[in-house]
Structures are given as structure tokens and as C-alpha cells.
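Participant: If you scroll down you'll find the structure; I have some questions about it.
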Amino acid sequence: MVSEPVIKTVHLDCFFGAHQVLRNINLEIPANEILGIIGPANSGKTTFLRALNRLNYLHRTYSQSGEILLDGRDIRQISDNLLRKKIGIIFALPQVLPVSILDNVAYGPKVHGVTNKETLARTVEEALKRAYLWEEVKDRLQEPAVRLSGGQQQRLCIARTLAVGPQVILYDEPCSGLDPISTAKVEDAMQQLKADYTQILVTNNTKQASRVSERCAFFLMGELVEIGPTHDLFTYPQDKRTDDYITGRFG
Amino acid sequence: MNGAKLRQQIAFSVLGAITLLIVVPIILVILYIIINGAGSITWQFLTQAPRNGMKAGGIFPAIVGTILLVVGTMLFALPLGVLSAIYLVEYARDDLFTRMIKLSVVNLSGIPSIVYGLFGFTAFVLLLHFGTSLLAGSLTLGIMSLPVIITASKEALESVPLTYREISLSLGATKWQTIRYCVLPYAIPGILTGTVLSLSRAAGETAPILFTVAAFYLPRLPHSAFDQVMALPYHLYVIATQVPNIPLSISFATALVLIALVFLMNLVSIILRAHYRKKRLW
């Protein structure tokens with residue numbers, strides 16, 4: 001890797017109470033990469049993702065050691081709200097606020113101090129376009145967001161994240177509740193976003209990881225077993241455990 | 001008809017009968033009061049001060065007194081109660097101290113109102129030298145209302161899905177922004193219900209105002225927050241038991257006005273609730 005990694009973790013250990021969920025994770029993610037993270041349930045994928053923008057700290061028993069660097073800077077030096085503005089997350093199930101489509105997307109910019117109506121409208125339109133949702137909702141921005149289909153809601157969540165202007169987007173099994181066509185649309189959106197964002201995709205679906213990601217990491221029981229270019233990882237896995245998982249012998 | 005269906009029918013009938021059992025007495029009480037009191041309600045009765053040792057005239061000062069007491073109680077108890085609930089739900093760590101506070105709140109709502117009356121008398125009337133006054137009475141009723149308002153607000157806040165908070169925080173909102181824009185708006189209907197419930201109770205209480213604010217006979221309006229007032233429940237008690245030879249119909253009319261006042265408060269809260277529910281887009 002030539003360029004400086006956008007995200008780098010050094011000896012990252014994560015705990016919930018006394019239970020260690022992640023062990024010594026060392027990862028580097030360069031700009032504009034889509035990194036896939038695969039692994040069975042309870043392998044620590046989601047915890048890793050939520051460690052990056054400190055959402056894990058919403059649990060009172062959570063603690064971590066080691067370092068997470070964003071553009072070479074320790075994230076502990078960045079305030080929670082600025083960090084989460086820079087590192088957005090898309091949750092597993094589409095989670096929309098019980099307000100209109102417009103207000104869902106405008107919420108982020110508003111809390112970051114954008115009050116000008118025209119600026120807001122432009123930001124919302126831009127975000128919805130980038131999330132491939134604009135054409136489907138442009139005539140009904142005032143409608144409740146909950147009336148959208150699951151796939152549309154998930155793209156609305158992506159638009160909502162884009163609207164605050166992040167640098168990194170995390171996806172926590174974003175398509176686990178979606179049908180194949182909606183899944184394809186979300187994946188399309190991810191490909192289009194590659195030019196401007198660094199993306200990390202946690203997925204239970206190894207096929208999705210192989211379709212979307214450039215590099216892929218395999219987590220197992222809190223350890224990073226293997227990481228490499230997606231094609232190589234799926235064709236010539238270096239570790240026997242990776243091989244077992246991707247060929248479906250367990251997990 | 002098979003067995004399961006029959007059992008279901010029986011269960012429904014029993015539940016229906018029990019509901020009726022609760023509703024019917026309430027309707028009878030209200031009807032009885034209306035039948036006996038409605039005849040005495042005239043424009044003079046609502047707008048004039050009592051005369052001739054309360055045997056004639058109206059109950060205007062008592063109506064105003066009760067309204068002032070309810071407003072005073074709300075001004076004191078609503079912000080304090082909602083803010084306490086926000087602290088308990090959103091900020092307090094789940095430790096021994098917090099649990100003790102929560103337990104105290106629950107227990108406080110079980111204390112008899114006369115005890116609040118005595119407390120208000122010693123604390124506000126004597127210790128703080130507020131005298132027997134609107135202020136002392138409002139504070140006493142406020143303290144009595146607090147546990148219900150806190151409990152209702154707490155439950156309303158807890159019923160707002162955690163995901164709303166998570167969405168807001170994940171977008172970089174601060175904790176307070178999250179509470180202000182993603183939690184409170186959806187808790188307001190529940191908070192309102194609890195508040196009106198406790199204010200209705202405050203409007204009808206006699207014991208807490210007995211030593212702290214209520215005037216036996218004061219046929220004028222209060223001049224300041226340090227003045228005494230007449231209040232409907234105490235006035236009702238007085239004319240029904242303390243002054244001889246007052247026609248019973250006047251007591252019933254007074255009771256009817258008190259009930260109507262409480263009903264009006266509930267109506268306002270229902271309208272407000274509907275307004276806030278509409279904001280939540282489903």
C-alpha cells in the first residue's frame with residue numbers, strides 16, 4: 001500500500017465486561033477501498049465496526065485497549081460527534097426516524113448546525129441522488145419514511161449518513177433483511193460511492209463480500225484470521241479455517 | 001360450537017361484565033351529581049362571590065382559587081418532574097444511588113395527602129415564612145404531584161425506542177440534541193397524560209391545601225402569590241359539613257363545577273396529545 005491508510009487499528013482489544021470480544025486486531029484500510037469483513041456469528045465483526053466510531057461505548061460495560069487511527073490521528077483525540085460525523089454507519093435493519101423522508105435526511109446536517117433551508121434542500125437532494133433513491137422519492141419527500149419499502153429505507157439510511165459528509169461509511173450487514181433486488185440496488189450504491197468514500201462492509205453473506213469488496217478480512221472468535229485481496233482470499237485461502245468457512249464447512 | 005370457542009365466549013363475557021362493573025358506578029355518581037346540582041348552576045353562581053354566610057351568591061373566588069392552584073402546581077411540578085425523569089432515564093448510571101432515588105419516587109406516590117399537607121405547612125408556611133398562601137399551597141400540591149409526573153415521564157421516555165437514540169448519536173448528534181429532537185417529541189403524549197392525571201388529583205385534593213392555602217371564607221380574589229385563596233374542594237367540605245342550613249343543591253352544584261373543571265383539563269390534554277401524535281409520522 002502506497003498511500004497512508006484512512007483507518008488503522010493497532011493491537012485493538014475490545015471487552016464487554018470481562019468478556020473479551022476482539023483480540024489484537026491490526027488492520028489498515030486505505031482510502032476508497034471497500035473492505036469486506038466476513039465471519040460467523042459472534043466473531044466480533046460488528047464490535048469491530050462499532051469500535052471505529054465509538055458506538056460500543058453506548059454499552060456501559062464496554063472497554064477497549066490499543067489504538068484506532070483516523071488519518072493517522074488517534075480517535076480518542078476527536079470528539080464523539082465529530083468522529084461520528086466523519087465515520088457514518090448503516091445498521092443491519094433499516095432504521096428510520098418516524099418523520100418524513102426529507103426530515104430523516106436533513107436531521108444530520110441540522111444537528112451539525114446547517115439552518116439555511118436552501119442549503120439543507122440541496123444537501124438532501126445530493127445525498128438522495130448518491131444513494132440512488134432520489135428518482136423514487138423526489139415527489140413525496142414529505143411522506144413518512146416508514147412507508148418506504150425495506151430496500152428504499154436502507155438506501156434512505158445511506159443517504160442520511162451521506163448528508164453529514166462522512167469520510168468513511170460502515171455497513172453492518174446492511175442487506176440481511178432485504179430481497180435480492182433491493183440488495184443489488186444497495187450494492188450498486190456502494191460501488192458508486194467508491195470514488196469518494198472509504199467503505200467497510202460487514203456481512204454474513206460471503207457471496208456479497210466477493211461481489212462487492214476489493215479486500216476481505218475473515219474474523220473468527222474475536223481474531224482476525226486472514227486478510228487479503230478478495231479474489232485471492234476466496235480462491236486460495238491461506239488459513240485452513242478460512243477455507244472451511246468459505247466452503248461452508250461451518251458457520 | 002366447540003369447547004375452545006365457548007371458553008373464549010365465556011372469557012369475553014366475564015371481562016365485559018367486569019368492565020361494566022367499573023364504568024357503571026362512575027356514570028351513576030356523575031349522573032347523580034348532575035341531577036342534584038345542575039339546577040343550581042346559574043351565571044350568578046359561577047361569577048359571584050358567596051354572600052350571607054355562603055348561603056347565597058356564587059363560588060367564583062373558589063373557582064379562580066382552584067385554577068390558580070392548578071397553574072401554580074403545574075409551573076412548579078412539570079419542569080422539575082420532566083427534568084428529573086430525563087436525568088433518571090438518560091443520564092443516571094444504574095447504581096445504588098439511582099436505584100434509591102427510583103425507589104423513593106415510587107414510595108412517595110403512596111404517601112397520604114394529609115402528610116404532604118403537614119409537610120407543606122411546616123416547610124413552606126412556617127420555615128420559609130410563606131404564610132398560608134397560594135405559593136405555599138402550590139408548592140405543597142406540586143410536591144405531591146411530582147412522583148406521578150416523574151413516574152409517567154420516566155415510562156414515556158423509556159418507551160421511546162433505543163434505535164432512535166442510536167440513529168441520532170451515530171449521525172454525530174450530541175446527547176442533548178438526541179434527547180431534544182429524537183426522544184422528547186415522542187415522549188410528550190405520555191408525559192402529558194401523567195401530568196394531567198396528577199394535576200386533576202391536585203385540583204380535587206383537600207388535605208394538602210387545608211393548612212397551606214385554603215381560606216374558609218374569603219369573598220374576593222387574591223392580591224398576590226402570598227395571599228390566601230378559596231378552593232373548590234375545601235369550599236365543598238366547608239359548605240357540606242361546617243356551615244349549617246346550606247341547601248344540599250349548592251354542594252352538588254359546587255361538586256359539578258369541580259368535576260367539569262377536571263374534565264376540561266383532561267380535554268385539553270387529549271387535544272394536545274392528538275396534536276403531538278400527528279407529528280409522529282407512521
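The values are calculated or read from the model by the stated rules, or taken from the named source; none is laboratory data. Everything numeric in this text was worked out from a predicted model, so none of it was measured. Cβ atoms come from the backbone with ideal geometry, glycine included; neighbour counts cover every protein chain shown.
Participant: For the range A:198-207, name all the residues that are crowded, with 22+ Cβ neighbours inside 10 Å and not in a loop (DSSP other than H, G, I, E, B). Full working, then the answer.
Facilitator: Within the range A:198-207, the subset crowded, with 22+ Cβ neighbours inside 10 Å is A:198-203.
Scanning the range A:198-207 gives A:Thr198, A:Gln199, A:Ile200, A:Leu201, A:Val202.
Participant: Still on this structure, I have one more. Look through A:Asn56, A:Asn32 and report the one residue that is at pLDDT 90 or above, at positive phi, not hydrophobic (A, V, I, L, M, F, W, C) and not in a strand (DSSP E or B). Break it down into steps so the answer makes sense when it comes.
Facilitator: On the way: A:Asn56 fails: at positive phi.
Checking each option against the conditions leaves just A:Asn32.
Participant: Looking at the range A:41-54, which of its residues are touching a Leu at 6+ places or on another chain (Cβ under 7 Å) and of a type outside the set (Val, Ile, Thr)? Let's see the steps before the verdict.
Facilitator: Keep residues of the range A:41-54 that are touching a Leu at 6+ places or on another chain (Cβ under 7 Å), which gives A:43-44, A:47-49, A:51-54.
Passing the criteria: A:Ser43, A:Gly44, A:Phe48, A:Leu49, A:Ala51, A:Leu52, A:Asn53, A:Arg54.
Participant: Can you find, within the range A:126-154, the residue that is nearest to the other protein chains (Cβ to nearest Cβ) among those that are within 19 Å of A:Thr183 (Cα to Cα) and of a type in the set (D, E, K, R)?
Facilitator: By that ranking, first place goes to A:Arg147.
Participant: What are the residues in the range A:33-77 that are farther than 14 Å from A:Leu22 by Cα and within 14 Å of chain B (Cβ to nearest Cβ), if any?
Facilitator: A:Asn53, A:Arg54, A:Leu55, A:Tyr57, A:Leu58, A:His59, A:Arg60, A:Thr61, A:Leu70, A:Ile75, listed by residue number.
Participant: Given the conditions (1) within 15 Å of the chain's Cα centre (by Cα); (2) crowded, with 18+ Cβ neighbours inside 10 Å, which single one is not true for A:Val96?
Facilitator: The one condition A:Val96 does not meet is (1).
Participant: Report, ordered by the first and then the second residue, all pairs with beta carbons closer than 7 Å, sequence separation of six or more or different chains, a first member in the range B:43-72 that is farther than 22 Å from B:Val268 by Cβ, and a second member that is part of a helix (DSSP H, G or I) and not hydrophobic (A, V, I, L, M, F, W, C).
Facilitator: Once the first residue is farther than 22 Å from B:Val268 by Cβ and sits in the range B:43-72, its partners that are part of a helix (DSSP H, G or I) and not hydrophobic (A, V, I, L, M, F, W, C) give B:Ala49/B:Pro61; B:Gly58/B:Gln44; B:Gly58/B:Thr47.
Participant: Out of curiosity, is A:Arg84 within 11 Å of another protein chain (Cβ to nearest Cβ), in a helix (DSSP H, G or I) and among the charged types (D, E, K, R)?
Facilitator: yes
Participant: With the condition being touching a residue at least 24 places away in the same chain (Cβ under 8 Å), I'd like the helices (runs of 4 or more DSSP H) fully within the range B:136-220 carrying at least 1 qualifying residues. Break it down stepwise before answering.
Facilitator: Details: elements: B:162-170, B:175-178, B:184-204, B:207-210.
Where helices (runs of 4 or more DSSP H) fall fully within the range B:136-220 and carry at least 1 residues being touching a residue at least 24 places away in the same chain (Cβ under 8 Å), they are B:175-178, B:184-204, B:207-210.
Participant: If you don't mind, there's one more thing I want to ask. Can you name every residue in the range B:86-115 that is modelled with pLDDT of 90 or more and among the basic types (Lys, Arg)?
Facilitator: Passing the criteria: B:Arg99, B:Lys102.
Participant: Restricted to the range B:227-282, and to residues that are hydroxyl-bearing (Ser, Thr, Tyr) and surrounded by 14 or more Cβ atoms within 10 Å (Cβ to Cβ), which residue is nearest to the other protein chains (Cβ to nearest Cβ)?
Facilitator: Residues of the range B:227-282 that are hydroxyl-bearing (Ser, Thr, Tyr), as a first pass: B:234, B:237, B:241, B:249, B:251, B:254, B:269, B:276.
Next, from what is left, pick out any that are surrounded by 14 or more Cβ atoms within 10 Å (Cβ to Cβ): B:234, B:237, B:249, B:251, B:254, B:269, B:276.
On the way: B:Tyr234: 45, B:Tyr237: 47, B:Ser249: 51, B:Ser251: 49, B:Thr254: 45, B:Ser269: 21, B:Tyr276: 12 Å.
My answer is B:Tyr276.
Participant: Looking only at the range B:145-191, count every residue that is facing chain A (nearest Cβ under 9 Å) and small (Gly, Ala, Ser) and tell me the total.
Facilitator: 4
Participant: Please tell me if A:Ile38 is in contact with a Phe, Trp or Tyr (Cβ under 7 Å, 6 or more places away or on another chain) and not basic (Lys, Arg).
Facilitator: On the way: in contact with a Phe, Trp or Tyr (Cβ under 7 Å, 6 or more places away or on another chain): yes; not basic (Lys, Arg): yes.
Yes, satisfied.
Participant: Could we say that A:Thr115 is part of a helix (DSSP H, G or I) and either more than 8 Å from every other protein chain (Cβ to nearest Cβ) or modelled with pLDDT of 90 or more (or both) here?
Facilitator: On the way: part of a helix (DSSP H, G or I): no; either more than 8 Å from every other protein chain (Cβ to nearest Cβ) or modelled with pLDDT of 90 or more (or both): yes.
Here the answer is no, as A:Thr115 does not meet what is asked.
Participant: For the range B:68-111, give me the residue count where each residue is of a type outside the set (Lys, Arg), within 14 Å of another protein chain (Cβ to nearest Cβ) and not in a helix (DSSP H, G or I).
Facilitator: 3
Participant: Pull up the range A:167-196, narrow it to residues that are part of a loop (DSSP other than H, G, I, E, B) and buried (at least 23 other Cβ atoms within 10 Å of the Cβ), then point me to the one that is nearest to the chain's Cα centre (by Cα). Show your work before the answer.
Facilitator: Going residue by residue through the range A:167-196, those that are part of a loop (DSSP other than H, G, I, E, B) are A:167, A:173-179, A:194-196.
Keeping just the survivors that are buried (at least 23 other Cβ atoms within 10 Å of the Cβ) gives A:174-175.
Working: A:Pro174: 8, A:Cys175: 12 Å.
Filtering first and then ranking leaves A:Pro174.
Participant: When you go through (1) hydroxyl-bearing (Ser, Thr, Tyr); (2) crowded, with 20+ Cβ neighbours inside 10 Å; (3) closer than 28 Å to B:Pro50 by Cβ one by one for B:Thr178, which number turns out not to apply?
Facilitator: (3)
Participant: Next question, about the same structure. Of these, A:Val164, A:Val186, which one is in contact with a helix residue (DSSP H, G or I) (Cβ under 8 Å, 6 or more places away or on another chain), within 12 Å of chain B (Cβ to nearest Cβ) and β-branched (Val, Ile, Thr)?
Facilitator: Numbers: A:Val186 fails: within 12 Å of chain B (Cβ to nearest Cβ).
Answer to the selection: A:Val164.
Participant: If you don't mind, there's one more thing I want to ask. Counting just the residues of the range A:223-251 that are of a type in the set (A, V, I, L, M) and assigned to a strand (DSSP E or B), which one comes out nearest to A:Arg23 (Cα to Cα)?
Facilitator: Our first condition is that a residue be of a type in the set (A, V, I, L, M); within the range A:223-251, this holds for A:224-225, A:227, A:233, A:246.
Remaining after also requiring assigned to a strand (DSSP E or B): A:224-225, A:227.
Numbers: A:Leu224: 8, A:Val225: 11, A:Ile227: 15 Å.
Among them, the one singled out is A:Leu224.
Participant: Please go through (1) closer than 30 Å to B:Ser133 by Cβ; (2) touching a Leu at 6+ places or on another chain (Cβ under 9 Å); (3) among the polar types (S, T, N, Q) for B:Asn52 and return the number of the only condition it doesn't satisfy.
Facilitator: Here B:Asn52 clears every test but (2).
Participant: Please work out which one of (1) touching a Gly at 6+ places or on another chain (Cβ under 6 Å); (2) more than 10 Å from chain B (Cβ to nearest Cβ); (3) part of a helix (DSSP H, G or I) is the condition A:Pro94 fails and give its number.
Facilitator: Of everything listed in (1) touching a Gly at 6+ places or on another chain (Cβ under 6 Å); (2) more than 10 Å from chain B (Cβ to nearest Cβ); (3) part of a helix (DSSP H, G or I), A:Pro94 misses just condition (3).
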